[in-house]
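The structure under discussion appears below in the form of structure tokens.
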Amino acid sequence: MTTETDLASTARRRFLGQLGLSITCTGALAGAGVLGFAGAASATSEAAASGGASGAGASPGTSAVGAKNGSGAAAVTEASKRRWAFGVNVNKCIGCLRCVEACKAENDVPRNAHQFRTWVERYVHIEGEEGMRIDSQQDPVNIAAAGSESEYRFANRYQGKKIDKAFFVPKLCNQCANPACVQVCPVGATYKTEDGVVLVDDKRCIGCRYCVQACPYGARYFDERRGVPDKCTWCYHRITKDLQPACVEMCPTGARVFGDLRDRESPISLFVRNNQIQVLKPESGNAPQVFYIGLDKEVN
């Protein structure tokens, strides 16, 4: 039964959320899209592995309190032993979008073509043209090719053209070591766990969307159903049970890699140690914990 307290809480959230939309978030960051190469990324990974990079402004419930699909069952002492990280091999991605479908099914992400926890971008350079053509599953041509907003495909729009270069780039929340979203949250609803994952506490969130504006990677969307922002959590409810994120498990080519940086023999540790890794927008100061290999300079 809905109580007066519940109604008051809902009204407060709605009011504050509307108020937040009318205020420009001074903490929002805009990145120019410069890639960070091995030096900066290696330093970031070493800091994370040693536990030296911790998120400022984490809520008191760190590691013990979680959002939907992210309520950590692991105790603080167990979480502090790990430092999760993610790797993406662009050279292996074939743009099949199985990762997107798996993520939507696993995390109850709205089945439309505009809200995602993870997505894939296609970059194509046509011979004789300047710059890259970039599209994703949100593009109207791709939606039409899929036949439904709940299905995801890349249209064969470049048939007959001379393609100089083409590749796919998976993207998701970077679970930054210094997350801007945590810093701008006025109520501590966005927080960083002991094991390095940024989560959202739905019960604390007032829907102001400051975190959405602050993310330089466009990794958050606003879930109208629940009245709170949502984003990738690296399937926190799975990884705390020693399972892989749904997108990693579903990838048919092994383009996505996940694991514990504090375990030197984990897949992610080997990925970082044995490759020239890159990160997106290092100039933002967020210190992303998604490490790429094979990124082109046009990717931002």
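The values are calculated or read from the model by the stated rules, or taken from the named source; none is laboratory data. The structure displayed is predicted, hence computed values, not measured ones. We place every Cβ from the backbone using ideal geometry, glycine too, and count neighbours over all the protein chains shown.
Does the range 225-242 hold any residues that are surrounded by fewer than 18 Cβ atoms within 10 Å (Cβ to Cβ) and closer than 28 Å to residue 185 by Cβ, and which are they?
Residues satisfying the conditions are 225, 226, 227, 241.
Across the range 101-131, which residue is nearest to residue 141 (Cα to Cα) among those that are assigned to a helix (DSSP H, G or I) and in contact with a Ser or Thr (Cβ under 8 Å, 6 or more places away or on another chain)?
Initially, the range 101-131 is screened for residues assigned to a helix (DSSP H, G or I), giving 101-107.
Checking the rest, the ones that are also in contact with a Ser or Thr (Cβ under 8 Å, 6 or more places away or on another chain) come to 103, 107.
On the way: 103: 22, 107: 26 Å.
Restricting to residues being assigned to a helix (DSSP H, G or I) and in contact with a Ser or Thr (Cβ under 8 Å, 6 or more places away or on another chain), the top hit is 103.
When the range 159-191 is examined, which residues are found to be within 26 Å of residue 120 (Cβ to Cβ) and part of a strand (DSSP E or B)?
Scanning the range 159-191 gives 163, 164, 165, 166, 167, 168, 169, 170, 171, 172, 190.
Does any residue of the range 54-69 turn out to be at pLDDT 50 or above and either surrounded by 18 or more Cβ atoms within 10 Å (Cβ to Cβ) or closer than 30 Å to residue 137 by Cβ (or both)?
Scanning the range 54-69 turns up no residue that is at pLDDT 50 or above and either surrounded by 18 or more Cβ atoms within 10 Å (Cβ to Cβ) or closer than 30 Å to residue 137 by Cβ (or both).
Do any residues in the range 88-100 that are farther than 9 Å from residue 247 by Cα have Cβ atoms under 7 Å from those of residues that are part of a strand (DSSP E or B) and of a type in the set (Phe, Trp, Tyr), where the two are at least six apart or on different chains, and which pairs are they?
88/292; 90/167; 90/292; 93/168; 94/168; 95/168
Being over 27 Å from residue 212 (Cα atoms) and not charged (D, E, K, R) is the filter here; which residues of the range 97-134 pass it?
Listed by number, the residues that qualify are 124, 125, 126, 128, 131.
Which residues, counting only those in the range 278-291, are more than 9 Å from residue 87 (Cα to Cα) and in contact with a Ser or Thr (Cβ under 9 Å, 6 or more places away or on another chain)?
The answer is 279, 282, 287, 288.
List every residue pair whose Cβ atoms sit under 8 Å apart, with the two residues 6 or more apart in sequence or on different chains, where the first one lies in the range 212-225 and is within 18 Å of residue 113 (Cα to Cα) and free of Cβ contacts under 8 Å to residues at least 60 places away in the same chain and the second, anywhere, is of a type in the set (Gly, Ala, Ser) and surrounded by 17 or more Cβ atoms within 10 Å (Cβ to Cβ).
222/207
Return the pairs, sorted by first residue and then second, in which the second residue is assigned to a loop (DSSP other than H, G, I, E, B) and at pLDDT 95 or above, the first residue lies in the range 127-139 and is within 19 Å of residue 160 (Cβ to Cβ) and aromatic (Phe, Trp, Tyr), the beta carbons are less than 8 Å apart, and the residues are 6+ apart or on different chains.
none
Checking the condition touching a strand residue (DSSP E or B) at 6+ places or on another chain (Cβ under 6 Å) and basic (Lys, Arg), which residue from 161, 203 passes?
Numbers: 203 fails: touching a strand residue (DSSP E or B) at 6+ places or on another chain (Cβ under 6 Å).
That would be 161, the only listed residue that is touching a strand residue (DSSP E or B) at 6+ places or on another chain (Cβ under 6 Å) and basic (Lys, Arg).
Looking at the range 77-100, which of its residues are surrounded by 19 or more Cβ atoms within 10 Å (Cβ to Cβ), of a type in the set (Val, Ile, Thr) and not in a helix (DSSP H, G or I)?
88
Out of 212, 198, report the one residue that is surrounded by fewer than 23 Cβ atoms within 10 Å (Cβ to Cβ), at pLDDT 95 or above, β-branched (Val, Ile, Thr) and closer than 18 Å to residue 175 by Cβ.
Unique residue meeting the criteria: 212.
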